[in-house]
Amino acid sequence: MFVYRNLYKHTLKNVLKGNDVLHPIYTNLCIARFLNNCPNSYEHDRDPAPLYFNSDVQALLKSLARVNLGIVYKKRKLGDKALEQPTYRFMTDEQLQETLREAKQRVDDILQMPPVVQVRKPINKVLIQDPALQGLETSKLVFTDVTFGVKDCDRLIVVREPDGTLKEATWDVRDRMNQVYFPKICRKSKMPRMFEDENLQNLLGRKEYEFILDRACAQFEPDHPDYQRVTSITYQHVNDNDGFEKLRSTRHFGPLAFYLTWFKNIDNLLLELIETAHIEDCNNLLQLYGKIHKVEYKIGNLQD
């Protein structure tokens, strides 16, 4: 621990040497978490959702993502779906500026960050036990409310056991029934094999971070244990391999920054921002840390 901490400080000193603007950040940098692995989900008693959806926190996360229109509108993998042919138009300067304004307005929708919530708690609620029905059926019966317009999370789904017990459906049954009656595009009834550990590691080795996270958002709900497992492993791989640029200007950079800050593991990200001289982003990251962990840092006037 002591050797690693000194090595980290030595690296920062080399980066900050002779830089009067960056030096105040270093002198107040007492927040990095060393040699501890981040958990694979938000399982602790403290719920991250209220802080994540705070307007100030959202503004800081969006600022850290750094919008680049070239990255936002880049070509993406769409599976078997063919890419649309580009359309070329002759425009006046006024028409070009108007088109650029419209493109910038669509950025907020494209970069809408996935929710960050606590991992779901198991459902094990028995509604009634009716021994008179024992042996009537040899398999479980699932009853699903298919009322149109009801949210999947609020839909009533119950299971009658062969022994006559009526209880609320488990999360796995709920997910399967919701997908059967109200299928969502790109979501499979079974977890795709790409999320199995061996295949996931193969994708991570190729730094297919955005593809993994986009696919996880399509397949799972934000509070699903597998969603949080996949995203956590991906975030840790990004952090360990300095892959921040792979997710910058995407909708996943905000949740990545929040995850690292929540688990007090921002040292690599902060060092990357310092090395690339993004001083305002350093300030925003420390401000984010302060808001999440209720700590105040005197960064100094970064504009001096």
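Here residue 253 meets the list (1) more than 23 Å from residue 115 (Cβ to Cβ); (2) surrounded by 19 or more Cβ atoms within 10 Å (Cβ to Cβ) almost entirely, failing just condition (1). Among the residues in region 145-165, are any out of contact with any helix residue (DSSP H, G or I) (no Cβ under 8 Å at 6 or more places or on another chain) and at positive phi? Checked against the condition, which is being out of contact with any helix residue (DSSP H, G or I) (no Cβ under 8 Å at 6 or more places or on another chain) and at positive phi, region 145-165 yields at least one hit. Residues that are among the basic types (Lys, Arg) and surrounded by fewer than 19 Cβ atoms within 10 Å (Cβ to Cβ) were ranked within region 202-218; the one that is nearest to residue 250 (Cα to Cα) is 207.
Return yes or no: is residue 197 crowded, with 19+ Cβ neighbours inside 10 Å and farther than 21 Å from residue 68 by Cβ?
No.
Residues in region 76-99 that are modelled with pLDDT of 80 or more and aliphatic (A, V, I, L, M) were compared, and the one that is nearest to residue 61 (Cα to Cα) is 96. Just one residue in the set 240, 226 is surrounded by 14 or more Cβ atoms within 10 Å (Cβ to Cβ) and among the acidic types (Asp, Glu); that residue is 226. Scanning region 49-72 turns up no residue that is closer than 24 Å to residue 113 by Cα, acidic (Asp, Glu), surrounded by 10 or more Cβ atoms within 10 Å (Cβ to Cβ) and at pLDDT below 80.
Exactly one residue among 112, 134 is over 25 Å from residue 57 (Cα atoms) and either surrounded by 14 or more Cβ atoms within 10 Å (Cβ to Cβ) or in contact (Cβ under 8 Å) with a residue 24 or more places away in the chain (or both), and that residue is 134.
Cβ-Cβ below 8 Å, separation at least six or inter-chain, first residue in region 196-209 and touching a residue at least 40 places away in the same chain (Cβ under 8 Å), second of a type in the set (Ser, Thr, Tyr) and outside any loop (DSSP other than H, G, I, E, B): which pairs? From region 196-209, the pairs are 209/234. Scan region 168-206 residue by residue and report those that are assigned to a helix (DSSP H, G or I), farther than 16 Å from residue 221 by Cα and of a type outside the set (Phe, Trp, Tyr). Matches in region 168-206: 193, 194, 197, 198, 199, 200, 201, 202, 203, 204, 205. Out of region 225-256, which residues are modelled with pLDDT under 95, of a type in the set (Lys, Arg) and either part of a helix (DSSP H, G or I) or within 19 Å of residue 199 (Cβ to Cβ) (or both)? Residue satisfying the conditions is 246 alone. Scanning region 139-167 for residues being under 17 Å from residue 178 (Cβ atoms), of a type in the set (S, T, N, Q) and in a loop (DSSP other than H, G, I, E, B) gives a total of 1.
The values are calculated or read from the model by the stated rules, or taken from the named source; none is laboratory data. Just so it is clear, the structure is predicted and the values come from calculations on it, not from any experiment. Cβ: placed from backbone, ideal geometry, glycine included. Neighbour counts: every protein chain shown.
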